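Notes follow the structure.
The values are calculated or read from the model by the stated rules, or taken from the named source; none is laboratory data. Keep in mind the model is a prediction, meaning the values are calculated, not measured. In this analysis, Cβ positions are derived from the backbone assuming ideal geometry, glycine residues included, and neighbour counts consider all displayed protein chains. Surface areas here come from the heavy atoms of the whole protein model, side chains and all, with no ligands, DNA or RNA. Shrake-Rupley method; radii C 1.70, N 1.55, O 1.52, S 1.80 Å.
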Protein chains: 2
Amino acid sequence: MLDNITIVLVNPSHPGNIGAAARAMKTMGLSRLRLVQPADYPCAEATARASGADDILARAEVCANLEEAVADCVLVAGTSARSRTLPWPLLEAREAAGRLAAEAGAGDRVALLFGRERTGLTNDELARCHFHVTISSNPDYSSLNLAAAVQILAYELRLAAGAAPARPAAPEAPEGEPVTQAEMEGFYGHLERVLVATGFLDPDSPKRLLPRLRRLYARARPDRVELNILRGMLKAMEKHLQFRRPTEPGD
Amino acid sequence: MLDNITIVLVNPSHPGNIGAAARAMKTMGLSRLRLVQPADYPCAEATARASGADDILARAEVCANLEEAVADCVLVAGTSARSRTLPWPLLEAREAAGRLAAEAGAGDRVALLFGRERTGLTNDELARCHFHVTISSNPDYSSLNLAAAVQILAYELRLAAGAAPARPAAPEAPEGEPVTQAEMEGFYGHLERVLVATGFLDPDSPKRLLPRLRRLYARARPDRVELNILRGMLKAMEKHLQFRRPTEPGD
């Protein structure tokens, strides 16, 4: 079940932290690591800090962007230290681990994202998550380093996986066949094109319209049938918009 | 209450680990550190690794032996990676943290011991504990380093102490201003008109399209701002559909 959980480090600066994160993962039985644009990798320092968890590094996948790193996942959670301007569902580490483990136990792939050492995940990256995860810490000194954050969440995931062996999917999970994040991105791209074509979305002044829509649909978590309906709606609307967007690429 | 919990590092070899342990403690609000015969302390490397938690180091007490380090404590727990020849009460980290926090909360001092990096606590040291503590880990790779073990137990102690701030609103409830069911019905009616106008929904053979969409949006529970966005999207699309539905009632 832990094999269905992917840890994603987004843009880590220090190779030592990648190695330490791999070690933290392995101590808890996690093995699937993806790195989005690591600043310096592969690197001897990463291997040194992995200290026996170098098999995790050897199997780690380097991804060109976040989209690629979560494409095969049906549930995506992102760690976030601070509250954001656009509120998003925010779960404590323990509850988040329970949700992730439950869906992983049901056979689906899930991802847990960790951001940059200094600045965490960007708002755009957080907008691609179904929920955000916070680790309770000292408000006067919450400087958990990257490997420490991975260690705590890996620990919680291990306990959650043990506590919920083959538990049926959480009630929040879609009842039908789940869709991958890549399919959701396809929908978001399609939605954006239609909204621009209708004139509702001004690409030069998008405001927070798309993040708001992402949040709404992430909360709803459409299943495959529902996503097909949503895509069908967009296609039907597009037929009426053809005259407005003669050069748009097809879907 | 966390002030009544003393972390004791017994005979640590590497000053960097002392600093990292201090940092791990401080992130979780623990501040009382005692060092039994540290191999190399004080040391610049410890301060460097403490990274802002040097106040913990400054207040740390160096003890000549374990007896001195736990003299004022009423309850002593010792971390132990392996099972010992002489069975002892052995608690998982979470349960152990609960016990320690409960007594600390009652006003008594308690201690949690961590052993040497390579060999842990000796049988003699473990025999001075009321109970032993184990952190669940991968049986094939349980090499949690010292700071990682301190981090996990400090995290469990923080949660057990109830120091976690009140959790933000449950994700299931809308965070913004809720909308009435009447407003949702207005949206569903609008959506249906647009879908019919685009040709996506055939009123003579609606199948289960609308119930499916209702279920999807009910799950998402849009708040007022989100519902306004959804209505705005429909209106923007309608402008392109006017030529098709000259006699439709306005919204």
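Worth pointing out:
- Top-ranked residue in segment A:135-146 [being touching a Leu at 6+ places or on another chain (Cβ under 9 Å) and within 9 Å of chain B (Cβ to nearest Cβ); ranked as nearest to A:Leu213 (Cα to Cα)]: A:Ile135
- Per the conditions (1) open to solvent by 70 Å² or more (accessible area, probe 1.4 Å); (2) over 20 Å from B:Arg23 (Cβ atoms); (3) not polar (S, T, N, Q), the sole criterion not satisfied by B:Ala69 is (1).
- Among the residues making up segment B:195-220, a single one is assigned to a helix (DSSP H, G or I), more than 46 Å from the chain's Cα centre (by Cα) and facing another protein chain (nearest Cβ under 8 Å): B:Thr198.
- Among the residues here, A:Ser51 does not qualify as at pLDDT 95 or above, surrounded by fewer than 24 Cβ atoms within 10 Å (Cβ to Cβ) and among the hydroxyl-bearing types (Ser, Thr, Tyr).
- Selection from segment B:123-148 of residues that are in a strand (DSSP E or B) and β-branched (Val, Ile, Thr): B:Val133, B:Thr134
- Which numbered condition B:Ala148 fails, given (1) more than 16 Å from the chain's Cα centre (by Cα); (2) open to solvent by less than 20 Å² (accessible area, probe 1.4 Å): (1)
- Residues in segment A:92-110 that are touching a helix residue (DSSP H, G or I) at 6+ places or on another chain (Cβ under 7 Å) and of a type in the set (A, V, I, L, M): A:Ala93, A:Ala97, A:Leu100, A:Ala101, A:Ala104, A:Val110.
- In segment B:21-41, the residues that are within 14 Å of chain A (Cβ to nearest Cβ) and assigned to a loop (DSSP other than H, G, I, E, B): B:Met28, B:Gly29, B:Leu30, B:Ser31
- Among the numbered conditions (1) over 28 Å from B:Asn228 (Cβ atoms); (2) within 14 Å of another protein chain (Cβ to nearest Cβ); (3) at pLDDT 90 or above, the only one that A:Ala182 does not meet is (2).
- Segment B:221-233, residues that are within 9 Å of another protein chain (Cβ to nearest Cβ), in a helix (DSSP H, G or I) and either closer than 15 Å to B:Glu185 by Cβ or open to solvent by less than 10 Å² (accessible area, probe 1.4 Å) (or both): B:Glu226, B:Leu230
- Any hit, segment A:193-213, residues being open to solvent by 20 Å² or more (accessible area, probe 1.4 Å), modelled with pLDDT of 85 or more and under 17 Å from B:Ala218 (Cα atoms): yes
- Inspection of segment A:71-93 finds no residue satisfying the criterion of being assigned to a helix (DSSP H, G or I) and more than 16 Å from A:Ala160 (Cα to Cα).
- Scanning segment A:157-168 for residues that are more than 9 Å from chain B (Cβ to nearest Cβ) and at pLDDT 95 or above yields a count of 2.
- Top-ranked residue of segment B:112-123 - restricted to ones that are within 23 Å of the chain's Cα centre (by Cα) and among the aliphatic types (A, V, I, L, M), ranked as surrounded by the most Cβ atoms within 10 Å (Cβ to Cβ): B:Leu113
- A Cβ distance below 6 Å, combined with a sequence gap of six or more or placement on separate chains, defines the contacts here; from segment A:197-213, residues that are aromatic (Phe, Trp, Tyr) reach no residue that is open to solvent by less than 50 Å² (accessible area, probe 1.4 Å) and part of a loop (DSSP other than H, G, I, E, B).
- Check on A:Ala96, in a strand (DSSP E or B), at pLDDT 90 or above and within 13 Å of the chain's Cα centre (by Cα): no
- Unmet requirement for A:His130, which otherwise passes all of (1) surrounded by 18 or more Cβ atoms within 10 Å (Cβ to Cβ); (2) under 21 Å from A:Ile18 (Cα atoms): (2)
- Scanning segment B:13-57 for residues that are within 23 Å of A:Asn17 (Cα to Cα) and in contact with a strand residue (DSSP E or B) (Cβ under 7 Å, 6 or more places away or on another chain) gives B:Ser13, B:Ile18, B:Ala21, B:Ala22, B:Met25.
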